[in-house]
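To keep things clear, I will list the structure first and then write my remarks on it.
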Amino acid sequence: MILGPRFDVDFVRPAPVPPLAIAVLVVALVAAAAAAAWCEQAWRSGRDLASRRATLEAALERGREQAERRRTTARGADPQAQEQAVAVLDELHRPWRALFEQLEADRVGPVHLDQLAIDSRFESLQMQAEARSLGDVLRYVQALPGAGPIAAVQLSSHELRDAPGGRVVSARVVARLDGRASR
Amino acid sequence: MRRPDGWPGRAAAAWLLQVDDRRLELRAADGRVVERDDVDGSAAIGPAAGRMLAAHPDGEVQVRVDAGVARLFLVPWADALTSGARWHTYACSRFEQAYGESADEWTVRVVDELPPRARLAVALPTAWLKAVTLGGARRVVSVRVGLLDRVARLLASEPRFSGCAIEVGASVATLLVFVQGELRRVRARRFDAAEELAATVRSEWASFGIAASAVGAAVALPAAARAALGDTLAAALGATRVVELEPLSP
């Protein structure tokens, strides 16, 4: 019963608290503790959500960086290699078949090809051909352009040459090619 | 401001205001009386205390009340009273029985005590208490009955003290009769001479069937009357031991 010194009476200290007030105080403390626990749980939940969001944002950022790196790598490829690749692709698409069909068509007459040279960009053609007469050569030059890669033909030079069985005309022909014609 | 031992974190009061039913004394921390004021009736104590403390605005104030201002009475132990609030209600009821007036205008405190000992109840007029504390402008940190503080110190050194603790006030003497450390009786007596007071003390001792030579007396006296009244009272009590209670200090 004695909690302190005997005859310890101080009128400034508050009077004994009624049990009802103590009960109210206890209820208030319990409510405060419950509220604090709820707040802590909510805070933890919020913190978990924030953590998940941060993780997702980090993953998204990593994905963006990887995509950017891939784009950068593609843009940064060797130009020479790219040019070679383009050249290979163009080589595969060149209309060789159409060119030879155009050179050997029936309508071009009795002219024999001795040499044929085409530049690497498939833009010009030089050939050495022989025929019995200059007229055959001229008809050939005029009939050659048409449906095919040969766009224009020019007789560059010609000469007469003795051959077994008679004299033949040897001509040098230059043609301009249009590679896109048969693609 | 000095701090007393055993009170860490709480500053000691700078002032001690000692109050009886006719006089106020304001003492500094070193014990010297800084101001004294005689009042006419208890109603004038509050305003006088307010004026006195307003003149010394710094520091906390402890108020020590003479037992003659308060009303002290015993409340018999009752096992059925299991809470402080019930004890307070019981003490107010005993107050009305003892003094024939309502306790509504009194502030009553009940002292803790070991069962089955009777518990001491102390009452101060509520209006007086408010006047003193509000007059101190919230600087009053305690209002205590000086006699009880002195008795508490005595019992701390002599737990089984048998005798009578007497506070001789301006007009009233308050007697607390102890038997083997237990407070058995509380009396307030007006007196005209020391012999009259000594006779009252001997009568109280006799009522308990205790020989006068077996008990002691603890006496607290007003400073002005200390020399003359103390010697007279000691002589009137015969062969008993007279212990002077410690003076109050802030």
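Exactly one residue among A:Val173, A:Val137, A:Val141, A:Val88 is of a type in the set (Val, Ile, Thr) and without any contact (Cβ under 8 Å) to a residue 24 or more places away in the chain, and that residue is A:Val88.
For region A:152-173, the set of residues classified as of a type outside the set (Lys, Arg) and surrounded by fewer than 16 Cβ atoms within 10 Å (Cβ to Cβ) consists of A:Ala152, A:Gln154, A:Ser156, A:Ser157, A:Glu159, A:Leu160, A:Asp162, A:Ala163, A:Pro164, A:Gly165, A:Gly166, listed by residue number.
Determine whether A:Arg94 is part of a helix (DSSP H, G or I), modelled with pLDDT of 75 or more and away from every other protein chain (no Cβ under 14 Å). It is false that A:Arg94 is part of a helix (DSSP H, G or I), modelled with pLDDT of 75 or more and away from every other protein chain (no Cβ under 14 Å). Restricting B:Val151, B:Val168, B:Val177, B:Val143 to residues that are among the β-branched types (Val, Ile, Thr), touching a helix residue (DSSP H, G or I) at 6+ places or on another chain (Cβ under 8 Å) and at the interface with chain A (Cβ under 9 Å from one of its Cβ atoms) narrows the list to B:Val143. Sub-7 Å Cβ pairs linking a first residue in region B:140-159 that is on the phi < 0 side of the Ramachandran plot to a second residue that is assigned to a helix (DSSP H, G or I), at least 6 apart or interchain, are B:Val140/B:Val132; B:Val140/B:Thr133; B:Val143/B:Leu129; B:Val143/B:Val132; B:Val143/B:Thr133, ordered by first then second residue.
Results for (1) within 12 Å of chain A (Cβ to nearest Cβ); (2) small (Gly, Ala, Ser); (3) touching a residue at least 24 places away in the same chain (Cβ under 8 Å); (4) touching a Lys or Arg at 6+ places or on another chain (Cβ under 8 Å), shown as yes or no for each residue.
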site	(1), (2), (3), (4)
B:Arg51	no, no, yes, no
B:Arg64	yes, no, yes, yes
B:Phe73	no, no, yes, yes
B:Leu81	yes, no, no, no
B:Ala85	yes, yes, no, no
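Total residues in region A:5-27 satisfying the condition of being among the small types (Gly, Ala, Ser), outside any helix (DSSP H, G or I) and modelled with pLDDT of 65 or more: the figure is 0. With respect to the conditions (1) in contact with a strand residue (DSSP E or B) (Cβ under 8 Å, 6 or more places away or on another chain); (2) at pLDDT below 90; (3) within 30 Å of B:Asp58 (Cβ to Cβ), B:Arg109 falls short on a single one, namely (2). Filtering B:Val110, B:Val132 for residues that are within 13 Å of chain A (Cβ to nearest Cβ), under 19 Å from A:Phe7 (Cβ atoms), in contact with a helix residue (DSSP H, G or I) (Cβ under 9 Å, 6 or more places away or on another chain) and surrounded by 21 or more Cβ atoms within 10 Å (Cβ to Cβ) leaves a single hit, B:Val110.
The values are calculated or read from the model by the stated rules, or taken from the named source; none is laboratory data. Because the structure is a prediction, the values reported are computed rather than measured. Glycine gets a Cβ as well: all are built from the backbone with ideal geometry, and neighbour counts include every protein chain shown.
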